[in-house]
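The structure appears right after this line, and notes come after that.
The values are calculated or read from the model by the stated rules, or taken from the named source; none is laboratory data. All figures in this text were calculated on a predicted structure; none of them were measured in a lab. Cβ coordinates were reconstructed from backbone atoms using ideal geometry, including for glycine residues, and neighbour counts include every protein chain displayed.
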Amino acid sequence: MNRFAVLQLSGCAGCEVSLLNAEEWVDRYRLVYMPLVISAHDVPEVDVLLVSGGVRTDEDLYNLRRAVQRARQVVAVGTCAISGGVANLGDRDEVRALFLAQAERRHLPHLLPKVRPVDSVVTVDRYLPGCPPTPELFMAVLFQPPDFKVSKTVCQECGRKKLKDMRPAHLLGFQQGEVLPDICLINQGYLCIGSSTRGGCRAPCTRAGHPCVGCRGPSDAFIEKESSEWFASIQRVFAAMTDVPAEEIEAALRSPQLALFLFQFADYAPPSFPPSGGDEGRATRPKEKVL
Amino acid sequence: MPTLTFPLSRIEGHAQVVIEVQAGEVVSARFQAIEFRGFEHFVQGGPAEQMPVITPRICGVCSTAHHVAAVKALEDAYDVTPPPLALRIRELLLLGQIVQNQATSLFIFTMPDRPGVASIFQVAPFIPTTGGERGRGTSEQDNAGIAMRALQVRKAGTDLITTAGGQFIHPVKAVVGGVTSGIGPEQAAAMRAELAEVLPIACELFDLYWEMSLEMGERIGTWGDDAPACYIAAVADCRPNYYGDVIRVMCPAGVMRARFPARDFRAHLTYQETDYSYAGQTSYGGEVMRANSLARINMARCMGTPRADEYLARFHEAFGQPAHAIMLFDLARGIELVYALERALEILAEPLDHEDTAIPYTPRDGEGYGLVEAPRGPLIHHYRIENGLIARAEFIIPTVHNSLAIERALRVAAERYVTAERVDMELERAVGRVVRAFDPCIACATH
């Protein structure tokens, strides 16, 4: 029986909770290490090591480097492990200063100046993005069924109708107003970025009436390109479907305030994009490696 | 004697227990949270309306509680009252959270402690059977069978979260003014069918759990012999609604001592930080208090659903009210699991898409407090909003209310197992049992 382990770095455990929602692995894989579920002190030899969470502390760094030595295949799981995720919002001067101030605490793991993606530290064989990835995607990464193919974008999985004659003049906030059923959220004025976000999640958020915030990261069309191309594509979609002024879209996408989740853009960008926080020369994530 | 460090597993997040021993005397017992991401800091400057999407990421186990607390805090600041149907759907969302969390804590985190094994995948040989013989089976299939049923119960909780909240881990449907959509009759019927199937399985597993707990109590000779404490919860004493109303504090003798709205929490709760943990500690004016399942069950007069009421009566009869032994937190969780399944079945039988689910609102600057009763106790989000952006955010976390109680209970356990001659090997298990009884969430506590 194949053996797998789950190493949780600094994150929310949502990825682990998602994995527990799948049952298919129980009699086909032996789970040998996952502190959330099993009391075991050390990662043993495994076929697959799933790593969730970002590298936030020196202890994360040590545990990660130690664990990968015993794994035949390393999979970075979830937005935090792949791009730093929501904790990456702390990559600002005033928050970094706070982390540095914590360094004086005794007996506690020290905080690194910036939360780092897993592949800035170790070699990653496959990527499973999502916040969190669905149980179905977890099973796909474990069992690698040859016929499994995710949709290109969230848009293709959403099922809402795009209307030609419903063109909003301004953006609504993510939270505002009652959402009309069955009609594209962009038609209704929401900043939905499902058109360039990687599919495979089956669009639970947009189906429920909430705009896609891009947690699965860029689709294959953009993942190997600079993040500006992803931005440009979103702008083209809004230009074609709405009368929202280009500057308003631009401001919404570029502003760290409005585009909190889009923070991951920076860490998806290939090395030609100016590296931040000492991440030197991380390679592009090739689309073949991303589920 | 060296300082004893126990890394913890089968809890949410990264923590360890450090017990200092000198010449057979326990000098200190510390509960250390060893992770930190800085949510209170990095949400500053973010738009207030994004908080219901960002704050669930504080914790993938308690995400639903954060999602609803964030929306309630914004509604408090904007002075918006959502329509009744929206409140119903939010209640359902939080029931899904209770099912998911209590099933995880009972079966995945703490059931293995009963026989003293490493995980749910090893408990089958120790399951009591009706004939009094040990072990339904010892093969891998039998272990998988128990695990599958446990996973099935907790999955029903996440499916309920999906039904009421859209996304299954980090829900999205609660928005300022209401929820984005109702629940149609077909979807409600499918969810009811799943819950109806799971309810007897949950009861059967809980019965086994109860029996295994009695056996464990006999084996180790204690149910957790810590002193009585104050209890804190934000649900009424009958038919608990985890949506939260006012915070209540019960004194150790069982008399209600305080009742206050979320915005007055500073007048009642004292917060302090330590240099050995990334999580703080709260007390009730210096007194040790306990939040979580036992607090609610100690305050409960009735659950209001048939099977949960049977379990509640059995619990009160067996252990008294209020009951103080640490291991009773675990049994209290089982009563709530059954209640949440039954209560969700009731709500799903009501029409849930017959009227408006949201009302319009105008954002404005100001202060807002959002309270929910999370699985671990009262959770408060407090925001100050300036120019539509978060100027200050505070997350008042239930696990932090329990920090002092956890440390006191750890000390009692340590004193039981540390003597001048030796440290009893049971100490390591005792540390795990004590901490897991409180079901702490470290991701939340440090945020």
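Tabulated results
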{"read-out": "Flag for B:G24 being more than 9 Å from chain A (Cβ to nearest Cβ), modelled with pLDDT under 95, surrounded by fewer than 24 Cβ atoms within 10 Å (Cβ to Cβ) and at positive phi", "value": "yes"}
{"read-out": "Qualifying residue in region A:55-75 (condition: among the β-branched types (V, I, T) and facing another protein chain (nearest Cβ under 10 Å))", "value": "yes"}
{"read-out": "Candidate set from region A:1-34 (those that are of a type in the set (G, A, S) and assigned to a loop (DSSP other than H, G, I, E, B)); member that is modelled with the lowest pLDDT", "value": "A:A22"}
{"read-out": "Residue check for B:F107: under 20 Å from A:M34 (Cβ atoms) and at pLDDT 95 or above", "value": "yes"}
{"read-out": "Top-ranked residue in region B:275-307 [being in contact (Cβ under 8 Å) with a residue 40 or more places away in the chain and at positive phi; ranked as nearest to the other protein chains (Cβ to nearest Cβ)]", "value": "B:N292"}
{"read-out": "Test result for A:G214, in contact with a strand residue (DSSP E or B) (Cβ under 7 Å, 6 or more places away or on another chain) and within 14 Å of chain B (Cβ to nearest Cβ)", "value": "yes"}
{"read-out": "Every residue from region B:1-12 that is free of Cβ contacts under 8 Å to residues at least 60 places away in the same chain and farther than 14 Å from B:T419 by Cα", "value": "B:T3, B:T5, B:P7"}
{"read-out": "Residue list for region A:170-197, restricted to those being out of contact with any helix residue (DSSP H, G or I) (no Cβ under 7 Å at 6 or more places or on another chain), modelled with pLDDT under 95 and either buried (at least 22 other Cβ atoms within 10 Å of the Cβ) or not polar (S, T, N, Q) (or both)", "value": "A:L172, A:G177, A:E178, A:V179, A:L180, A:P181, A:D182, A:G189, A:Y190, A:T197"}
{"read-out": "Test: residue in region B:186-195 that is within 26 Å of B:L106 (Cα to Cα), touching a Gly at 6+ places or on another chain (Cβ under 7 Å) and of a type in the set (A, V, I, L, M)", "value": "no"}
{"read-out": "In region A:142-164, residue surrounded by the fewest Cβ atoms within 10 Å (Cβ to Cβ) [restricted to those that are assigned to a helix (DSSP H, G or I) and at pLDDT 95 or above]", "value": "A:Q156"}
{"read-out": "2 or more residues without any contact (Cβ under 8 Å) to a residue 12 or more places away in the chain: qualifying helices (runs of 4 or more DSSP H) within region B:13-98", "value": "B:39-42"}
{"read-out": "A:C131 being surrounded by 22 or more Cβ atoms within 10 Å (Cβ to Cβ), facing another protein chain (nearest Cβ under 10 Å) and modelled with pLDDT of 90 or more", "value": "yes"}
{"read-out": "Residue among B:A174, B:A190 that is within 24 Å of B:T64 (Cβ to Cβ) and away from every other protein chain (no Cβ under 13 Å)", "value": "B:A190"}
{"read-out": "Tally, over region B:33-51, of residues that are surrounded by fewer than 20 Cβ atoms within 10 Å (Cβ to Cβ) and either over 28 Å from A:L89 (Cα atoms) or among the polar types (S, T, N, Q) (or both)", "value": "1"}
{"read-out": "Failed item, numbered, when B:E12 is tested on (1) more than 8 Å from chain A (Cβ to nearest Cβ); (2) touching a Cys at 6+ places or on another chain (Cβ under 7 Å)", "value": "(1)"}
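Okay, residues lined up against (1) at pLDDT 95 or above; (2) closer than 30 Å to B:T180 by Cα; (3) away from every other protein chain (no Cβ under 14 Å):
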site: B:E342; (1), (2), (3): yes, yes, yes
site: B:I347; (1), (2), (3): yes, yes, yes
site: B:D353; (1), (2), (3): no, yes, no
site: B:G366; (1), (2), (3): yes, yes, yes
site: B:A393; (1), (2), (3): yes, yes, no
site: B:T399; (1), (2), (3): yes, no, no
site: B:V434; (1), (2), (3): yes, no, yes
